[in-house]
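Working notes for the structure below.
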Protein chains: 4
Amino acid sequence: MLIVMQSSATNDEIEKVTEYIKQRGFDAHISKGEDHTVIGAVGRKVIDKRDIELLNGVKEVIRITSPYKLASRVFKNEDTIIEIKDVKIGGGHIGMIAGPCSVESYDQVDATAEKLKRYGVKILRGGAFKPRTSPYAFQGLGEEGLKILREVANKYDMLVTSEVMEVSQIPMFLKYVDILQVGARNMQNFNLLKSLGEIRKPVLLKRGLSATIEELLMSAEYLLAGGNREIILCERGIRTFEHMTRNTLDISAIPVIQKLSHLPIVVDPSHATGLRDKVAPMSKAAVAAGCDGLIIEVHNSPDTALCDGAQSLYPEQFEELFIELKQLAKVIKKTF
Amino acid sequence: MLIVMQSSATNDEIEKVTEYIKQRGFDAHISKGEDHTVIGAVGRKVIDKRDIELLNGVKEVIRITSPYKLASRVFKNEDTIIEIKDVKIGGGHIGMIAGPCSVESYDQVDATAEKLKRYGVKILRGGAFKPRTSPYAFQGLGEEGLKILREVANKYDMLVTSEVMEVSQIPMFLKYVDILQVGARNMQNFNLLKSLGEIRKPVLLKRGLSATIEELLMSAEYLLAGGNREIILCERGIRTFEHMTRNTLDISAIPVIQKLSHLPIVVDPSHATGLRDKVAPMSKAAVAAGCDGLIIEVHNSPDTALCDGAQSLYPEQFEELFIELKQLAKVIKKTF
Amino acid sequence: MLIVMQSSATNDEIEKVTEYIKQRGFDAHISKGEDHTVIGAVGRKVIDKRDIELLNGVKEVIRITSPYKLASRVFKNEDTIIEIKDVKIGGGHIGMIAGPCSVESYDQVDATAEKLKRYGVKILRGGAFKPRTSPYAFQGLGEEGLKILREVANKYDMLVTSEVMEVSQIPMFLKYVDILQVGARNMQNFNLLKSLGEIRKPVLLKRGLSATIEELLMSAEYLLAGGNREIILCERGIRTFEHMTRNTLDISAIPVIQKLSHLPIVVDPSHATGLRDKVAPMSKAAVAAGCDGLIIEVHNSPDTALCDGAQSLYPEQFEELFIELKQLAKVIKKTF
Amino acid sequence: MLIVMQSSATNDEIEKVTEYIKQRGFDAHISKGEDHTVIGAVGRKVIDKRDIELLNGVKEVIRITSPYKLASRVFKNEDTIIEIKDVKIGGGHIGMIAGPCSVESYDQVDATAEKLKRYGVKILRGGAFKPRTSPYAFQGLGEEGLKILREVANKYDMLVTSEVMEVSQIPMFLKYVDILQVGARNMQNFNLLKSLGEIRKPVLLKRGLSATIEELLMSAEYLLAGGNREIILCERGIRTFEHMTRNTLDISAIPVIQKLSHLPIVVDPSHATGLRDKVAPMSKAAVAAGCDGLIIEVHNSPDTALCDGAQSLYPEQFEELFIELKQLAKVIKKTF
């Protein structure tokens, strides 16, 4: 931590700041510049930098160590690769996760999965518990939905992922799914994160609508600190002033995260854009930018979907897109 | 719902859209304009407007009824006034809630509350369970903290409010607090909202960092739909590109919400700005703009606070501010 | 400037960075911490910090001096007070600027000004050249509008302010107006700023829709660097994700700017909110927060206004508001 | 325009609104729904919808025609292709524009252009007049810079583009450049746009930092309305809360604009990200998403660049990237 003193700071003020941080367990290294004296505070304690900023004579306090450790490349330099059976995500392996927004019935999931499997998809997604902004909207089939996902996945030898919304649901999810999803609205539901840190199954953590990349990594740190090392990050669009798309997919988060962290980063173009005809271009962009996976909504009959049909691809559209994505991946030397 | 057809839409396309909405339980009223045919879809069913936007010939679909009902002025025109013992919030009565960010010890809370009571504050705030972005930061005293708050409040005949983070904590909170707070990060934790809809104690619902006013009202709708009618809304700053303050306090949300909803709206200037010297001007601004209450962090010794000391007022600062706020309230014909 | 090296940085890398900055005219002060070596670069040269961030072993580069000088409190501690005839803005004096959005006719301006003068307003505003997003919208009366403003102002012994859009218009404006306005969209029109730095009349500089406070102060620096010391800053709302109001009025910019700069800061609630019924609460909020002035749109007949009638107050509404604002100002010990 | 009345609106209120719009030259079509009466206002006049929203009984006013005409696909369905000599931009042809941020000397431009030409680049970029946030930063070589660009371009048979900042500079630019750039900060400098609408050379219009896509198209409309039909749009990043990259490159703007408008859309990844190592992934993303061109900063010696060296590619990095981009373009069936 660096404490930059105001150019008008007195020796007395500098001394008081020095004492203040020493009392809190830090070593102080003073360096006098032309304009400003800078005090380097060295130590491992947690301290709120704003407290120091309120001391007399202080201009600014600058944190120089990342607030996350286990999630950083400094802690672990090589890419984390999530391996479940024969599926790999990370380190050059792009994972493809696809399926309907909501589980509506066995037949719907079966019809969709049958095609996806044929196209080469190995991970099936589907919502059983749905976070809906309106209390009057369809809220999902609940445990029945998870059962359906599991049964269909077993039939086609696929993996399953679905969103968990509440601490009390975790044991139920562990029975049915291979990857537990944390939704954007729960990215900072710290009780949920702590509980998921204690399990030993992969967790896919979505970036919140207004979460910075650093906050996303801090939430991953909650999971890692609990001992769960199989974390997949997910970019799904941030909230900006632009309302032509539902959110603004932050494609640049891919290279930024890959530089800071060893964790794989996948992209959800369906929720980010909210419109079917934007899913293909944004999927291609994500792959070209080097993402480690995609989550795409596909529905055997989008026109009759109970939820988010408008952003779901028809199976045939998905097939065509997947072929193109594989070609793009080849150009940048990655594989699905 | 209004469906605006493209100027190039054919009669066949108009007919197909009409059929589509009729099959979904709506009546259709067609009106042909110079440029565009508009189809009015009348009915009470829930439908995803984006599904219609994907039909051929459709330009745009416009929702004309609010997605929230119970929270709106249309449903209830007169101001909701929250009454607990002799305290009123709403309808011309401005509530003052004050206290430390975190409960640290009995002595700390006692020392702070003793002064607040003397200044005329009737509602004591304090965090027992703390949502912290870092897993390594102080997480609060837990139930012990709630006990301290209750004991001190009883000693000084005050009310108590504290933040609940998890469904499973609700029964515990009901034993100790008078108003349950939902934090900004949990504004769309729908499981928590549903459970809080079923209790019969006031809930203070904070606006999420990137939540629109409409989404805040939708989350209130979750609480109201469960039967809990004692809801207090809270503006606490939104996330913008400007980083000189921690968040941007959206003062204009006060008159906007008061026009749309009958629920009281209070303001938290401490978390919004994150800096002590901005709390006073923003508190005054909120009162002058007509807010129904304030939540202000006050600590008997901010310099040694375990959390957010930098944004906590010294008791004497608070006293001075409160005197000025009462004078401002008088000018706009409200009372604390 | 502080250069924080990565914890893994080698001595060789540290040396190369040191040499790099020395070659560019800086002194280097090295301080070795537990985790990180920090190099303090002391000097007055301008350097792009990102260039250094790309050197091997560098973690982060932190600028510690403000990029603006003349606009800062460090350069000039006492409040700048703009004085024109008997009008003062800044240093406890709140200026009230009012008038129609656009000049439409002599009669319209005359009818509005007659009332404003009677209510105690001393500065008349009105647009002659209008920045409109659509090329098909009313673009203003041009020089004819400026003439009308001047004539009416002379009749009622008022001052005049109007927006200048282009370098070539400056000589014309100097003939007619007392304060030249720079609109939000031109806040970073650097050619315009340079030319306005050379004149010797007050300039009112509006904050851009997505300009940070620092950028606003940098644009003021352009004006000050040219020798023009009579600069008034103006907060008029920033662009955020919230669309219930046209923009989000950043009231907290008032205390933030007053801490950083000696320049007066006025607020434009009419353009910020875009709706008449939000102008009064936001004006009150701005005064309570300590602003140095207000610019309010008032029209003698808003229903027939050619531009922005929806955000213009009726003269009677303005009168009532102005009375309340004076009472609020008194509470915080300022005067109109 | 659709006027949605409140559910509580009286017949009298409906009648008054109807009269109001008729007096302003619109036809009124009334359709009564279950909850709301909707009045369709048909006509070609320009009216501020907020004026109607303030009439009694009105809930909302909805504009249903785009405010831009000439820029829309409705006006012109086939892609606009900009052709200059043997270079094409748009309609499947991806244009590559590259060069240094600033023109510093003949030798620098010559050294860079020589390599770019060899790699296959046909359009050279370089800044002669630089918009800088600080009045103390390097402001460009001015006309001398334009001369250098032209000379070097002639030597290698390339086209030239450079940013024009001021109306008075236009005649000078017409002498030297083939494409005139309008910078992000000038996107709503309407005087500049009007003047550029009158010339007959291609204009490259950059999206403002906080401009919506609709506003970008409105600014293009200013150029088109003046008769200049050779307009190239440019996405260069928008301002959001995320500060890890300088701006957030809105890749989804590519498919959104291509649906709404016939104009080509190019992408500037250098200014959007501000960091060299993010330029390659974002360039690939833009091409994969279907952009019509790229503007990339390349400098023969970025370490000594006077401006933005940190975001400039080394020539060899550019060469490698360009090869990969051509392969990606092939996959999506476009060509450079």
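The values are calculated or read from the model by the stated rules, or taken from the named source; none is laboratory data. Keep in mind the model is a prediction, meaning the values are calculated, not measured. No Cβ is skipped: glycine too gets one built from the backbone with ideal geometry, and neighbour counts run over all protein chains shown. Surface accessibility is based on the protein's heavy atoms, side chains included, excluding ligands, DNA and RNA. Shrake-Rupley method; radii C 1.70, N 1.55, O 1.52, S 1.80 Å.
Values computed for the structure shown
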| quantity | calculated |
| --- | --- |
| Matching residues in the stretch C:246-261 - criterion: being open to solvent by 10 Å² or more (accessible area, probe 1.4 Å) and either part of a loop (DSSP other than H, G, I, E, B) or farther than 17 Å from B:Glu242 by Cα (or both) | C:Arg246 |
| Close pairs (7 angstrom Cβ cut-off, 6 or more residues apart or separate chains): at the interface with chain A (Cβ under 7 Å from one of its Cβ atoms) in the stretch B:45-56, modelled with pLDDT under 75 and crowded, with 16+ Cβ neighbours inside 10 Å anywhere | B:Asp48/A:Asp308; B:Asp48/A:Gly309; B:Asp48/A:Ala310; B:Arg50/A:Ala310; B:Asp51/A:Gly309; B:Asp51/A:Ala310; B:Glu53/A:Ala310; B:Leu54/A:Ala310 |
| The stretch C:164-191 - residue that is assigned to a loop (DSSP other than H, G, I, E, B) and out of contact with any helix residue (DSSP H, G or I) (no Cβ under 6 Å at 6 or more places or on another chain) and, of those, surrounded by the fewest Cβ atoms within 10 Å (Cβ to Cβ) | C:Asp178 |
| Pairs where the first residue, in the stretch C:184-212, is under 14 Å from D:Gln139 (Cβ atoms) and away from every other protein chain (no Cβ under 12 Å) and the second is open to solvent by less than 20 Å² (accessible area, probe 1.4 Å) and among the small types (Gly, Ala, Ser), C-beta under 9 Å, 6+ apart | none |
| Condition met for D:Ile89 (open to solvent by less than 10 Å² (accessible area, probe 1.4 Å) and not assigned by TED's automatic domain parsing to the domain that holds D:Asn300) | no |
| Residues located in the stretch C:200-221, provided they are in a helix (DSSP H, G or I), touching a helix residue (DSSP H, G or I) at 6+ places or on another chain (Cβ under 8 Å) and hydrophobic (A, V, I, L, M, F, W, C) | C:Ile213, C:Leu216, C:Leu217 |
| Checking D:Gln169 against (1) of a type outside the set (Gly, Ala, Ser); (2) closer than 22 Å to C:Gly197 by Cβ; (3) away from every other protein chain (no Cβ under 14 Å), the condition it does not meet | (3) |
| Matching residues, the stretch A:135-149, being more than 12 Å from chain B (Cβ to nearest Cβ) and open to solvent by 40 Å² or more (accessible area, probe 1.4 Å) | A:Leu141, A:Glu143, A:Glu144, A:Lys147 |
| Count - residues of the stretch C:222-232 that are in a strand (DSSP E or B) and either of a type in the set (Lys, Arg) or touching a helix residue (DSSP H, G or I) at 6+ places or on another chain (Cβ under 6 Å) (or both) | 1 |
| Filtered residues of the stretch A:272-298 (kept if surrounded by 24 or more Cβ atoms within 10 Å (Cβ to Cβ), modelled with pLDDT under 90 and within 12 Å of chain B (Cβ to nearest Cβ)) | A:Thr273 |
| Every residue from the stretch C:165-198 that is within 18 Å of the chain's Cα centre (by Cα) and among the basic types (Lys, Arg) | C:Arg185, C:Lys194 |
| Evaluation of B:Ile81 against (1) touching a Phe, Trp or Tyr at 6+ places or on another chain (Cβ under 8 Å); (2) modelled with pLDDT of 95 or more (one fails), failing number | (1) |
| Hits in the stretch D:150-163 - residues which are open to solvent by 30 Å² or more (accessible area, probe 1.4 Å) and assigned to a helix (DSSP H, G or I) | D:Arg150, D:Glu151, D:Asn154, D:Lys155, D:Tyr156 |
| Residue match in the stretch B:302-313 (condition: closer than 23 Å to B:Ala211 by Cβ, hydroxyl-bearing (Ser, Thr, Tyr) and assigned to a helix (DSSP H, G or I)) | no |
| Residue within the stretch C:152-159 that is within 28 Å of D:Val164 (Cα to Cα), out of contact with any Lys or Arg (no Cβ under 8 Å at 6 or more places or on another chain), assigned by TED's automatic domain parsing to the domain that holds C:Tyr106 and not hydroxyl-bearing (Ser, Thr, Tyr) present | no |
| Failed criterion for B:Val267 (all others in (1) within 15 Å of the chain's Cα centre (by Cα); (2) without any contact (Cβ under 8 Å) to a residue 60 or more places away in the chain; (3) at the interface with another protein chain (Cβ under 8 Å from one of its Cβ atoms) hold) | (3) |
| Condition broken by A:Ala286, with the remaining ones in (1) under 15 Å from the mean Cα position of the chain (by Cα); (2) not in a helix (DSSP H, G or I); (3) not basic (Lys, Arg) satisfied | (2) |
| Residue in the stretch A:109-125 that is in a loop (DSSP other than H, G, I, E, B), at positive phi and open to solvent by less than 30 Å² (accessible area, probe 1.4 Å) present | no |
| Lone qualifier among D:Met244, D:Met282 - being of a type in the set (A, V, I, L, M) and under 21 Å from C:Ile62 (Cα atoms) | D:Met244 |
| Residues of the stretch C:229-245 satisfying the condition of being crowded, with 21+ Cβ neighbours inside 10 Å and within 12 Å of chain D (Cβ to nearest Cβ) | C:Gly237, C:Ile238, C:Arg239, C:Thr240, C:Phe241, C:Thr245 |
| Residue under evaluation B:Lys326, criteria (1) free of Cβ contacts under 8 Å to residues at least 24 places away in the same chain; (2) buried (at least 20 other Cβ atoms within 10 Å of the Cβ), criterion not met | (2) |
| Pair list, Cβ under 7 Å, 6 or more apart: the stretch B:133-146 residue in the same structural domain as B:Ile170 (by TED's automatic domain parsing), other residue open to solvent by 60 Å² or more (accessible area, probe 1.4 Å) | B:Tyr136/A:Val46; B:Ala137/A:Val46; B:Phe138/B:Leu306 |
| Residue within the stretch C:4-20 that is touching a helix residue (DSSP H, G or I) at 6+ places or on another chain (Cβ under 9 Å) and within 14 Å of chain D (Cβ to nearest Cβ) present | yes |
| Matching residues in the stretch C:55-92 - criterion: being assigned to a strand (DSSP E or B) and not small (Gly, Ala, Ser) | C:Val58, C:Lys59, C:Glu60, C:Val61, C:Ile62, C:Ile82, C:Glu83, C:Ile84, C:Val87, C:Lys88, C:Ile89 |
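Every residue, every condition in (1) touching a residue at least 12 places away in the same chain (Cβ under 8 Å); (2) touching an Asp or Glu at 6+ places or on another chain (Cβ under 8 Å); (3) of a type outside the set (Phe, Trp, Tyr); (4) open to solvent by 10 Å² or more (accessible area, probe 1.4 Å), yes or no:
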| residue | (1), (2), (3), (4) |
| --- | --- |
| A:Thr10 | yes, no, yes, yes |
| A:Glu13 | yes, no, yes, yes |
| A:Ser31 | no, no, yes, yes |
| A:Pro100 | yes, yes, yes, no |
